[in-house]
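A quick write-up on the structure given underneath.
Just so you know, all these numbers are worked out from the coordinates, no wet-lab data involved. A quick note: this is a predicted structure, and the numbers were derived from the prediction, not measured. Glycine gets a Cβ as well: all are built from the backbone with ideal geometry, and neighbour counts include every protein chain shown.
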Amino acid sequence: MKPWFPAFLALLLSPLVSADDTGPVSRILFGSCLKQNDPSPIFATMLEHRPDLILFLGDNIYADTFEMGEMEAKYEVLGANPDFQKLRAAAPVHATWDDHDYGVNDGGAEYTPRDEAQRIFLDFWGDAADSPRRARPGVYESVIHGEPDQRVQVILLDTRYFRGPLKKGEKRLGGSWYPSDDPTITMLGEAQWAWLEEELKKPAEVRLIVSSIQLVASAAGQETWANLPLEQKRFYDLIAKTKANGVLVLSGDRHWAELSVEREGVPYPILDLTSSSFNQLHERGTPTENSKRALPNTWHRENFGEVAIDWKGEETVIQLRVRDLKGAVVIEEDVVLRELKVGP
């Protein structure tokens with residue numbers, strides 16, 4: 001038996017307090033990019049902010065391996081982390097993966113042990129035997145918390161399992177990837193696209209779309225949806241087609257935090273709040289160019305994201321925040337839910 005498993009299993013089986021049992025979900029904390037062997041004091045800070053819901057956006061460990069035993073051992077390190085255990089027990093948790101916990105840097109569908117990696121991922125995050133994620137390729141998932149008029153839908157995308165090859169060119173500040181208009185290259189795969197369309201038709205007031213990589217940011221060499229502009233446009237068009245109100249995008253990956261916004265070709269402004277990383281500081285510290293940046297400031301130290309929903313006022317207001325290691329707000333933007341609405 002794994003040395004961390006008894007304590008972790010107890011947490012999984014403990015009677016977690018559901019948001020549905022205590023009122024609406026009002027505070028969602030999220031983040032990405034955790035080196036499992038390094039200290040993670042930010043988990044204690046997150047716990048102090050009393051989350052109703054916690055989202056892990058990917059790079060939850062740095063596996064980077066084709067050896068599944070090595071991947072399991074790295075999950076064991078995270079599972080044995082006392083601060084992670086306390087945070088995991090504090091509120092419902094949902095997770096997706098990015099490239100490093102998927103198994104290979106910048107990886108996509110070409111990663112051969114992806115099915116084994118998916119099984120290890122689902123085992124670690126405690127998916128039940130009858131979980132839909134155990135019956136289909138990919139770790140995408142959707143769940144709705146709360147009662148009518150105060151529902152929060154969390155849609156976790158899988159931007160790895162199905163993703164086709166990226167176009168490589170001369171290296172820039174952000175990396176070597178360039179946009180491609182090849183219509184045969186997919187980000188999500190047809191099965192996940194069809195699933196997403198049905199999920200967006202479900203009734204909900206606030207929809208948090210979790211994308212491990214940035215969805216809105218412009219391409220500057222890094223991994224981003226803008227490298228596959230036809231897929232990016234497909235996402236925006238799907239919001240309009242399904243008349244899905246209340247969409248906010250949460251992303252990670254970059255090892256810094258920022259807020260991006262798309263205002264053109266969309267039914268309403270699509271905001272993408274990037275929180276990264278939990279404990280991995282960017283060596284360069286200089287953000288890549290991002291013509292979609294909504295605020296001038298970025299943050300390059302340890303951080304986590306927060307979506308705070310005020311359901312009590314005459315109008316529902318959503319506060320988008322990034323907090324630092326001590327819990328101080330370093331990026332902030334308020335959004336009136338009424339403004340995230342597809343027109344007639």
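Between Glu147 and Val342, what is the label-to-label distance in nm when each label sits 7 Å out along the Cα-to-Cβ direction?
Each label point lies 7 Å from its Cα, and together they span 2.8 nm.
For Cα pairs less than 8 Å apart in space and 6+ apart in sequence, what is the mean separation divided by the residue count of the stretch 271-326, i.e. the relative contact order in percent? Intermediate results must be reported in sequence, preceding the final value.
Details: 61 pairs, mean separation 19.5, N = 56.
So the answer I get is 35 percent.
How far is it, in nm, from the label point at Glu72 to the one at Glu48 when both lie 7 Å from their Cα along the line to the Cβ?
3.8 nm
Once R0 is set to 56 Å, what does the formula 1/(1 + (r/R0)^6) return for the Cβ-Cβ distance between Glu264 and Ala89, expressed as a FRET efficiency to the nearest 0.05?
0.80
Give the calculated FRET efficiency between Glu170 and Leu281 to the nearest 0.05, with a Förster radius of 22 Å applied to their Cβ-Cβ distance. Could the numbers behind the result be given before it?
On the way: r = 27 Å, r/R0 = 1.21.
Working from the Cβ atoms, E equals 0.25.
For Lys312 and Lys243, what does the FRET efficiency come to when R0 = 41 Å and r is the distance between their Cβ atoms, rounded to the nearest 0.05? All intermediate terms of the calculation are to be shown ahead of the outcome.
Working: r = 26 Å, r/R0 = 0.64.
Efficiency computed from Cβ-Cβ geometry: 0.95.
Can you tell me, using C-alpha contacts under 8 Å and at least 6 residues apart, the relative contact order of the stretch 23-339 as a whole percent? Please list the in-between numbers first.
Numbers: 746 pairs, mean separation 56.3, N = 317.
Relative contact order for the stretch 23-339 comes out at 18 percent.
In whole Å, how far is the Cα centre of the stretch 180-203 from that of the stretch 299-331?
Computed from Cα coordinates, the inter-centre distance equals 29 Å.
Helix-only mean residue ellipticity at 222 nm, the chain, DSSP H runs n ≥ 4 weighted -39,500 (n - 2.57), per residue, nearest 500. What is it?
On the way: 9 runs with 81 residues, N = 344.
Mean residue ellipticity, 222 nm, calculated: -6500 deg cm²/dmol.
Excluding Val104 itself, calculate the net charge of residues whose Cβ lies under 10 Å from the Cβ of Val104, where each Lys or Arg counts +1 and each Asp or Glu counts -1. It would help to have the intermediate numbers written out before the result.
Numbers: positive: Arg114, Arg160; negative: Asp64, Asp99, Asp106, Glu110.
With Lys, Arg at +1 and Asp, Glu at -1, the neighbours total -2.
Given contacts defined as C-alpha pairs under 8 Å and at least six residues apart, what's the relative contact order of the stretch 169-233, whole-number percent?
Numbers: 69 pairs, mean separation 30.8, N = 65.
It comes to 47 percent, rounded to a whole number.
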